[in-house]
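Okay, so here's the structure we're looking at.
The values are calculated or read from the model by the stated rules, or taken from the named source; none is laboratory data. Because the structure is predicted, anything quoted here is derived from the model rather than measured. When we count neighbours, we look across all protein chains shown, and the Cβ atoms used for this are built from the backbone with ideal geometry, even at glycine. Heads up: the accessible areas ignore ligands, DNA and RNA and are worked out on the full protein's heavy atoms, side chains in. Shrake-Rupley method; radii C 1.70, N 1.55, O 1.52, S 1.80 Å.
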Amino acid sequence: MADRRQLTYGELLSRNGGPWAWQEPGNTRDKALPRHALMCILDHCDVEHVAASEQACFQWRELMISPDGLGVWQTTVLRALGRDRVEKYKAALGLRSGQSYEQERVDLTARNWKRILRMHKATKMLPYYEQPPNHLPLPGHSGPVLCMCLGGPYLFTGGADHVLFMYRVPLLVHYTKEKAAGKPAPRPSRSFGQGGLAHSGPVLCVAAEKEFLVSGGVDGLVKMWKVESAPDSPASRVLQGHQGPVWSICAMINNFCCSGGADKKLLLWDLNAPKGAKAVCTMTGHSAGVSAMCYSQKNDQVISASEDKSIRIWDPHKAVCISVLDGHKSIIYGLECWQGVTNDVSYDLVFSGDADGNIMLWDRPSGMFLSKVEDVHADAIKGMSLSLDPQQSLLTASMDGTVRLWKPDSMECERVLVGEDGSNVDAGLTMAVAWANIVVSSSWDGVLRSYVYTE
């Protein structure tokens, strides 16, 4: 019986073929750990050890792509990143999000889980890449690029040329310095609107939410577009209510959106309403045009900034202004909100950037002013956005041609991502977004610039 004893895990790993040693000639199955025991061990491993197990032998690779192995990947990644991060990365990769744990286990392959891990690593590394990025201008627009946003794996851009373009961001991963030589830059995947024109005037704002996006323009219209609609299709909805250009817009949960315009009003729209329906409600209070807007999904609140130099927090469904934040001395163009936890301290903040290049921090629940970071840019801050993992970084884009990366909890500048060498000083940046290790900026000079960082 001695020669038929159950081998220890360490003994199995030391043998050729590892725990699958029973498949070697001369060995019997009872000398190996049972399959369910292996799965229990892997369930308690970290991401690095689970990934390493695939390299042990062919049988382990087969195990890790089996239904049981996919469960290990799911458990390990969720334990390492948390549900909220995983859902954000799934959406950014164009994977189905919001399904049950059991359905997720069926839908996602080992390759999908590895892509999520790579995206998380790239997002965390953004402040620390030592090599300069590969700079790649993206063709498409024939005039100033005035607005931009991310929606899943897509980048949407609107310009003074009346055009609304869509680019596939994951394609840019392959444009590193080593791989980009001789390759033409990716062109837009599609444009929106009949004849390639989204609005009858410049497109001033755009926002995306899952399967749709909304845009506003100088023509005073808010338009809703289906991302997967056929090329040259008209807008799914044309919403009329503003008396003047639509300057800002945000997409909300449950197929609502909110728009702000030069007419000093905010309008709430139900995108499921019949065609021709009017705005659900009108929010008034600003004494000048609404220059920026963002949405706090956790609280279902809209935050607006205005040329009157004030910020207002709204309950959009009741058309009630909850609080007014005063303190800026110039027009506010950049606005973003953030909720996060750092060192067991919870934050619920609003960031605002003005024409003087200053950033102010506010406590959203109380409306209290917290701090001011002065002269961080040499010109107006035109845009703000969060990295894919909002625990990581805040981006600010300025007319001085630079994009800066900030820690949102301390507002410490982590690095200058774009324009530190003064190369973009005349570009006049209007917005910047980050998708993992890729940063894209839009500008008044009509150039859409992408920067691909690698280790």
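Brief remarks on what is shown
- Efficiency of FRET between L171 and S287 - r from beta-carbon atoms, R0 45 angstrom, step 0.05: 0.50
- Within the full protein context, the accessible area of F369 is estimated at about 90 Å² for a probe radius of 1.4 Å.
- Kirkwood Rh, angstrom, the stretch 98-194 [1 / mean 1/r, Cα pairs]: 16.2 Å
- Ordering of 102-114, 159-171 by packing is 159-171, 102-114, highest average first (other Cβ atoms within 10 Å, averaged per residue).
- Size of the stretch 298-455: Rg and Dmax of its alpha carbons, in Å, are 15.5, 49.
- Share of pairwise Cα separations in the stretch 138-262, more than 27 Å, in percent: 17 percent
- Above-threshold pairs, the threshold being 22 Å between Cα atoms, out of K329/K372; K90/K226; K124/K210: K124/K210
- Accessible surface calculations at 1.4 Å, restricted to protein heavy atoms, place the stretch 228-299 at 45 Å² per residue.
- Calculated Rg and Dmax of the stretch 192-246 using C-alpha coordinates, Å: 10.5, 31
- Under 5 Å, built H, 5+ apart or other chain: amide partners of L370: L361, W362, D363
- Amide hydrogen proximity for E414: with H placed 1.01 Å from N in the peptide plane, the residues at 5 or more positions away or on another chain lying under 5 Å are L405, W406, K407.
- Taking 13 Å as the cut-off, the amide N atoms of the stretch 269-311 that come nearer than this to a point 7 Å along the Cα-to-beta-carbon line of I253 belong to 296-302.
- The 3J(HN,Hα) values that the Karplus relation (6.51, -1.76, 1.60; θ = phi - 60°) gives for the stretch 206-222 are, in residue order, 8, 8, 10, 8, 6, 8, 9, 9, 10, 9, x, x, 5, 6, x, 9, 10 Hz. Gly and Pro appear as x.
- When each of the peptides 211-218, 177-184, 141-148 is scored by the mean number of other C-beta atoms lying within 10 Å of its residues, the order from highest to lowest reads 211-218, 141-148, 177-184.
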